[in-house]
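Engineer: Provided herewith is a single structure, encoded as structure tokens, for subsequent inquiry.
The values are calculated or read from the model by the stated rules, or taken from the named source; none is laboratory data. A quick note: this is a predicted structure, and the numbers were derived from the prediction, not measured. A quick note on method: Cβ atoms are made from the backbone with ideal geometry, for glycine too, and the neighbour counts reach across all protein chains shown. Areas reflect the complete protein model, heavy atoms only, side chains present, ligands, DNA and RNA absent. Shrake-Rupley method; radii C 1.70, N 1.55, O 1.52, S 1.80 Å.
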Amino acid sequence: MEKILVGLKRVVDYNVRVQVKSDGSGVDTDGVKMSINPFDEIALEEALRIRESGAASEVIVVSIGSSDAQQQLRTGLAMGADRAILVESGTSVDSLTVARIFKALVDRENAELVILGKQAIDDDNSQTGQMLAAIWGRPQATFASEVVLDGDTARVTREVDSGLETIDIDLPAVITVDLRLNEPRYVKLPDIMKAKKKPLEQIALSDLSVEAAPEIKTTAYEPPAGRQRGIMVEDVAGLIAALKDKGLV
Amino acid sequence: MTKILVIAEHNEEALNPSTAKCVACAASIDGAEIDIAVLAASAASVAAEAAQISSVGRVVTVERAENDAGLAAILAPQIAAMASDYSHLFGPSTAFGKDLMPRVAALLGVNQISDIMSIEGSHRFKRPIYAGNAIVTVEAPAESIVVATVRTASYQAAESGNAAPIESATVDVEVPTHTRFVELQTGKSDRPDLQAAAKVVSGGRALGSEENFELIFKLADKLGAAIGSSRAAVDAGYVPPETQVGQTGQIIAPDLYIAIGISGAIQHITGIKDAGTIVAINKDEEAPIFEVSDIGLVGDLFSIVPELTEALG
Ligand SMILES: Cc1cc2nc3c(=O)[nH]c(=O)nc-3n(C[C@H](O)[C@H](O)[C@H](O)COP(=O)(O)OP(=O)(O)OC[C@H]3O[C@@H](n4cnc5c(N)ncnc54)[C@H](O)[C@@H]3O)c2cc1C
């Protein structure tokens, strides 16, 4: 296959404990560390391995968002992607519109495989890959923990609630990845230098003639109902007594 | 008028408890009429179970050989074709529902709402973001259909005792052949299902090996509990992935959750926030798991767990 598209979303780093602003207008992202969504890094690693195996010739990383996302795309290029596309948008873009943007890029690039993270750790939606597959009219293999390509098909093992499900899909297709698919490579310094010379194309969202989807509005933010720290017991006897107290044993 | 179609999750034999939880969520919308759709190769036994769930008006079965594995690419066009009679389509926020509902939404040209944790109105919902570190209120446009998944841990299954009529429907759409089921490997066990269990005993990285997890199994069996785990324990190969609890594993709400040798990373905690009682056993008194525990015990699991198992007699 020629081209694989990979999505890289810029999100608050997974180590940051995100907090709701005191006025409830959003979450506090001022000055916090931003990173590639961890699932997307795994998606990129998988695409790179497929290219390195000879089954694909080009890996294109795509981000949709503000120009700050160039940073994440550069990291993707340093990991080994061949080129990057930034679809610039001043405001956050909903899942269906993101899926439509990817569909427009799939058409433009003639991509045969799109690999995305199974969810983004900011909005935790887990939607984009499925939506892209729907509007593209192609297979989706979500929550992948193993991908084996075989000519025009792929055999994908998926992490589902009852165990591991294996499906066969025809290409072109969309795969969304789970954590255990692979371990992303570390970026080395010379790769960062090389990445600076790789092409990073910027497209305005308005230039893609993508129809905006009916919007779901977020009207309020609040902190979660916290759990209270309970009691500490000294030993097993104390634990059993406390459990008995609550009628749990 | 609010007419909700709940998509049943099942394995052709039995209905998954997630379905009755979706019904409970749907029933908390004022004046909602609720139908359940059972898409299956043979729907009879699942439909009979679904018909017993209270507040269900009707069970609609769509039987088709291709439906046997519950693949999203095959079910989605059929559900989209049934949508015109409804104002809302609900599915569970399980692997099944998360795979399916966004595909349905996209076919209908609407966005999807994930993980409804409370109903604030027919088009207004609360849901968690950032691994549950923030709760947002979202509002779907009144003029388009609402497609959503229900955070099953936020709801108790609706009661049974109903006898809703069962009707079979034919949905005249073509389904694709580009996606084919091969197999499902399940860790066969006689232990309770993690989603449905009233008690869960969960082990983390501290167990150190697959063999040592035997300690967790023994305690679980004493309590009649399901097995849970942290991502670190799964990554290390001590237990299979379907036991993972957390942001990217299963979100559960048992009456009792016992976390053993688990530090309490936010990604893990988000999976147990709705548990009744959380017990933590950890040798580090500073471990974050204690901040959310109702009962904490500091010490070495390798002596505490056997002693506890023994004492429970
Ligand atoms: C995108 C993303 C998603 C994630 N999703 C999940 C998820 O869904 N679920 C999840 O669990 N994690 C998830 N994680 C991983 C998470 O951040 C933690 O790394 C993981 O939960 C740690 O597992 P643990 O508590 O078993 O291991 P550790 O953090 O290593 O904790 C081990 C604990 O055992 C204690 N201990 C050690 N020896 C003993 C002993 N002898 N007796 C008693 N206690 C002992 C230690 O004090 C320590 O607290 C995710 C991470 C990322 C980046």
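Engineer: Can you say whether residue B:213 is assigned to a strand (DSSP E or B), modelled with pLDDT of 95 or more and aromatic (Phe, Trp, Tyr), as far as the supplied structure shows?
Structural biologist: Values: assigned to a strand (DSSP E or B): no; modelled with pLDDT of 95 or more: yes; aromatic (Phe, Trp, Tyr): yes.
When the stated conditions are applied, residue B:213 does not pass them.
Engineer: For the stretch B:290-309, which positions are more than 12 Å from residue A:232 (Cα to Cα), in contact (Cβ under 8 Å) with a residue 12 or more places away in the chain and either near the ligand (Cβ under 8 Å from one of its atoms) or open to solvent by 30 Å² or more (accessible area, probe 1.4 Å) (or both)?
Structural biologist: Across the stretch B:290-309, the qualifying residues are B:300, B:301, B:302, B:304, B:306.
Engineer: Please go through the stretch A:68-105 and pick out each residue that is within 14 Å of another protein chain (Cβ to nearest Cβ) and either open to solvent by less than 30 Å² (accessible area, probe 1.4 Å) or in contact with a strand residue (DSSP E or B) (Cβ under 7 Å, 6 or more places away or on another chain) (or both).
Structural biologist: Kept after step one, since they are within 14 Å of another protein chain (Cβ to nearest Cβ), are these residues of the stretch A:68-105: A:92-103.
Once the filter is applied, which keeps residues that are within 14 Å of another protein chain (Cβ to nearest Cβ) and either open to solvent by less than 30 Å² (accessible area, probe 1.4 Å) or in contact with a strand residue (DSSP E or B) (Cβ under 7 Å, 6 or more places away or on another chain) (or both), the stretch A:68-105 yields A:93, A:95, A:96, A:97, A:98, A:99, A:101, A:102.
Engineer: Now a separate question. Among the numbered criteria (1) in contact (Cβ under 8 Å) with a residue 60 or more places away in the chain; (2) farther than 20 Å from residue A:8 by Cβ; (3) open to solvent by 60 Å² or more (accessible area, probe 1.4 Å), which single criterion is violated by residue A:249?
Structural biologist: That leaves (1) as the condition not met.
Residues checked against (1) in a helix (DSSP H, G or I); (2) within 22 Å of the chain's Cα centre (by Cα); (3) at pLDDT 95 or above; (4) crowded, with 19+ Cβ neighbours inside 10 Å:
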site	(1), (2), (3), (4)
A:158	no, yes, yes, yes
A:166	no, yes, yes, no
A:174	no, yes, yes, yes
A:183	no, yes, yes, no
A:187	no, yes, no, no
A:203	no, yes, yes, no
A:207	yes, no, no, no
A:210	no, yes, no, yes
A:213	no, yes, no, yes
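Engineer: Kindly provide the set of residues from the stretch B:76-99 that are more than 7 Å from chain A (Cβ to nearest Cβ), open to solvent by less than 10 Å² (accessible area, probe 1.4 Å) and either without any contact (Cβ under 8 Å) to a residue 40 or more places away in the chain or in contact with a Ser or Thr (Cβ under 9 Å, 6 or more places away or on another chain) (or both), ordered by number.
Structural biologist: Scanning the stretch B:76-99 gives B:88, B:90, B:91, B:92, B:97.
Engineer: Can you name the number of the only condition in (1) buried (at least 19 other Cβ atoms within 10 Å of the Cβ); (2) assigned to a helix (DSSP H, G or I) that residue B:66 fails?
Structural biologist: Only one criterion is unmet by residue B:66, namely (1).
Engineer: Give the number of residues within the stretch B:173-183 that are within 11 Å of another protein chain (Cβ to nearest Cβ), surrounded by 13 or more Cβ atoms within 10 Å (Cβ to Cβ) and not hydroxyl-bearing (Ser, Thr, Tyr).
Structural biologist: Residues in the stretch B:173-183 being within 11 Å of another protein chain (Cβ to nearest Cβ), surrounded by 13 or more Cβ atoms within 10 Å (Cβ to Cβ) and not hydroxyl-bearing (Ser, Thr, Tyr): 4 in total.
Engineer: Select from the stretch B:242-289 the residues that are of a type in the set (Asp, Glu) and away from chain A (no Cβ under 11 Å) and write down the one among them that is nearest to the ligand (Cβ to nearest atom).
Structural biologist: Taking the stretch B:242-289 and keeping what is of a type in the set (Asp, Glu), we get B:242, B:255, B:274, B:284-286.
Narrowing the set further to residues that are away from chain A (no Cβ under 11 Å) leaves B:284, B:286.
Working: B:284: 3, B:286: 8 Å.
Out of the qualifying residues, it is B:284.
Engineer: Right, something else. Here's a check for you: in the stretch B:131-158, which residue that is among the charged types (D, E, K, R) and facing chain A (nearest Cβ under 10 Å) is farthest from the chain's Cα centre (by Cα)?
Structural biologist: Our first condition is that a residue be among the charged types (D, E, K, R); within the stretch B:131-158, this holds for B:139, B:143, B:151.
Next, only the ones that are facing chain A (nearest Cβ under 10 Å) stay: B:139, B:143.
On the way: B:139: 23, B:143: 29 Å.
Here the answer is B:143.
Engineer: Scanning the stretch A:4-25 for residues that are in contact with a Leu (Cβ under 8 Å, 6 or more places away or on another chain) and part of a strand (DSSP E or B), which turns out farthest from residue A:170 (Cα to Cα)? It would help to see each step written out before you state the result.
Structural biologist: Restricting attention to the stretch A:4-25, the residues satisfying the condition of being in contact with a Leu (Cβ under 8 Å, 6 or more places away or on another chain) are A:4-8.
Filter again for part of a strand (DSSP E or B), leaving A:4-7.
On the way: A:4: 15, A:5: 17, A:6: 18, A:7: 21 Å.
Of everything passing the filter in the stretch A:4-25, A:7 is farthest from residue A:170 (Cα to Cα).
Engineer: Determine whether the stretch B:53-61 contains at least one residue that is over 20 Å from the mean Cα position of the chain (by Cα), touching a residue at least 40 places away in the same chain (Cβ under 8 Å) and within 24 Å of residue A:97 (Cβ to Cβ).
Structural biologist: No, the stretch B:53-61 contains no residue that is over 20 Å from the mean Cα position of the chain (by Cα), touching a residue at least 40 places away in the same chain (Cβ under 8 Å) and within 24 Å of residue A:97 (Cβ to Cβ).
So that you can scan it fast, the table gives a plain yes or no per residue for (1) more than 10 Å from every other protein chain (Cβ to nearest Cβ); (2) within 12 Å of the ligand (Cβ to nearest atom); (3) touching a strand residue (DSSP E or B) at 6+ places or on another chain (Cβ under 9 Å):
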site	(1), (2), (3)
B:185	no, no, yes
B:200	yes, no, yes
B:214	yes, no, no
B:224	yes, no, yes
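Engineer: Same structure again: If you go through the stretch A:33-44 one residue at a time, do you hit one that is more than 16 Å from the ligand (Cβ to nearest atom), open to solvent by 50 Å² or more (accessible area, probe 1.4 Å) and outside any strand (DSSP E or B)? Write out each step before concluding.
Structural biologist: As a first pass, look at the stretch A:33-44 and keep what is more than 16 Å from the ligand (Cβ to nearest atom): none.
Checking the stretch A:33-44: not a single residue is more than 16 Å from the ligand (Cβ to nearest atom), open to solvent by 50 Å² or more (accessible area, probe 1.4 Å) and outside any strand (DSSP E or B).
Engineer: Which of (1) over 21 Å from residue B:222 (Cα atoms); (2) open to solvent by 10 Å² or more (accessible area, probe 1.4 Å) does residue B:276 not meet, given it meets every other one?
Structural biologist: Of the numbered conditions (1) over 21 Å from residue B:222 (Cα atoms); (2) open to solvent by 10 Å² or more (accessible area, probe 1.4 Å), the odd one out for residue B:276 is (1).
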